Structure formats: C-alpha cells, structure tokens
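> Before I ask anything, here is the structure I am working with.
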Amino acid sequence: MEALWDRKFMSKHSLTGKKAPTDKTNNPAKPAFLKEDAQAIKRFIGEFWGTKHKFGNRSNHGSSLHHIQTTK
C-alpha cells in the first residue's frame, strides 16, 4: 500500500471517514479514502491474512473477514 500512498497521507485518512467510538477527543473525523480505494484495501488485507492464517467463512457468523471489519 505504501507504493500508492505515503505514511503521512495514510495517517490522515480512514477507511470509513467516521470517528472511532473510543475516540473521546474533540478532533474531527479523518476524511475517508475513496470508496474504490477502501474496497481495494479491504480486499488486499482479507486475501493476505486469509491466506496466511487459513481463515474462511464461518457458518454461524458469515464471513470472518466481515466480522473483523465490523468489530469496532
């Protein structure tokens, strides 16, 4: 991903554009990546970790990747 964006840019953006529920500061939310870019990042991470740790769909929770992305 660093081939596409430098660390400074990535640190000033988020996947959703929403503040984390645990962020108690008065700072505004970071701007979101473009929708296509956020989807590409999620797909890359899912493929990388799915291959590395051999996780797949969980019958009682749906996709384990979906579960990971929505736990915040």
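> Trypsin sites (Lys or Arg not before Pro) within the range 1-48: which are DSSP loop residues with at most 11 other Cβ atoms inside 10 Å? Could you put the intermediate results ahead of the total?
Values: sites: R7, K8, K12, K18, K19, K24, K35, K42, R43; in loops: K12, K18, K19, K24.
Answer by residue number: K12, K24.
> Tell me, what HN-Hα J-couplings in whole Hz come from the Karplus equation 6.51 cos²θ - 1.76 cosθ + 1.60 at θ = phi - 60° for each residue of the range 19-29, using x for Gly and Pro?
So the Karplus estimates, Gly and Pro as x, are 6, 5, x, 8, 7, 9, 7, 8, 5, x, 5 Hz.
> Along the Cα-to-Cβ line of K18, 7 Å from the Cα, sits a label point; which residues in the range 26-48 have backbone N less than 19 Å from it?
26-43
> Still on this model: Near the amide H of S14, under 5 Å away, which other amide H atoms are found, from residues 5 or more places off or on another chain, if H is placed in the peptide plane?
Correct list: A32, F33.
> Using 0.36 nm times the number of residues separating L34 and S11, minus their current alpha carbon distance, what extension gain do you get? Working shown, then result.
Working: separation 23, 0.36 × 23 = 8.28 nm, distance 1.48 nm.
Taking 0.36 nm per residue and subtracting the Cα distance, the gain is 6.8 nm.
Bear in mind that the values in this text are calculations on the coordinates, not laboratory data. Everything quoted here is computed from the prediction, not taken from an experiment. Please note: Cβ atoms are built from the backbone with ideal geometry, for glycine as well, and neighbour counts cover all protein chains shown.
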